[in-house]
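Presented below is the structure to which this report refers.
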Amino acid sequence: MSIRRLPVYILLDTSGSMRGEPIHSVNVGLQAMLSALRQDPYALESVHLSIITFDIQARESLPLTPLADVKLDEIPAPDSGATFMGAALELLIQCVDRDVKKSTADAKGDWRPLLFLMTDGSPSDLHAFRQAIPEVKMRNFGSIVACAAGPKVKQEALLELTDRVVLLDTMDAATFSGFFKWVSASVAAGSSSAGVSDQVTLPPPPPEVQLVL
């Protein structure tokens, strides 16, 4: 009997404003998240991770991969450039449609996927972003969390995508690592409660991460 997978999609803003310490902190945070998840037997058994980055284009940095097999290269940020978040959602929809196994009469498919989106700005392609939102919602995610990092984020756009928006006041390593630790705790909670409840219940965030309610 095969273990049902829990697909986890992480969408990361790599636009020009993330260059320098922010993107470095994100890379450190991702490695810490991986280490934490690999120590969780439920997660190690079920979690499959995908990373999509977006700046002037969206790209699949890590196709959906079993947690044990994930090897993360350093994620770069360009010198400058826009934040094509709509393009990232369009790519996400393609990836989910390609990767996530639906249940059939004979076999259980994957658990409902989890989505974490992190940005320090607002969509440069707002029209495409808004058009993609109903499509994303049709994909039946178990949880969608948007992280607004730093002072320039327009939360209104993120709140159109999900009512679970978290705020990071600063963009330093401690704050990002707090955020990614919380993501790993959320994913671990999702992997142990997968299928039990409709919405994955998220653990309380650390003090540097504020939930917008």
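The values are calculated or read from the model by the stated rules, or taken from the named source; none is laboratory data. In this text, all values refer to a predicted model and were calculated from it rather than measured experimentally. In this analysis, Cβ positions are derived from the backbone assuming ideal geometry, glycine residues included, and neighbour counts consider all displayed protein chains. Side chains are part of the model used for accessible areas, which takes the heavy atoms of the whole protein and leaves out ligands, DNA and RNA. Shrake-Rupley method; radii C 1.70, N 1.55, O 1.52, S 1.80 Å.
Listed values, structure above:
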item: Which numbered condition TRP111 fails, given (1) more than 13 Å from the chain's Cα centre (by Cα); (2) more than 25 Å from GLN31 (Cβ to Cβ); result: (2)
item: Failed condition for ASP110, given (1) out of contact with any strand residue (DSSP E or B) (no Cβ under 6 Å at 6 or more places or on another chain); (2) assigned to a loop (DSSP other than H, G, I, E, B); (3) buried (at least 16 other Cβ atoms within 10 Å of the Cβ); (4) not basic (Lys, Arg); result: (1)
item: Matching residues, region 151-177, being part of a helix (DSSP H, G or I), open to solvent by 40 Å² or more (accessible area, probe 1.4 Å) and over 11 Å from THR119 (Cα atoms); result: GLU156, LEU159, GLU160, ALA173, ALA174
item: Filtered residue count, region 91-107, keeping only those that are modelled with pLDDT of 90 or more and open to solvent by 50 Å² or more (accessible area, probe 1.4 Å); result: 4
item: Check on ARG98, among the basic types (Lys, Arg) and either within 14 Å of VAL8 (Cβ to Cβ) or in contact with an Asp or Glu (Cβ under 7 Å, 6 or more places away or on another chain) (or both); result: no
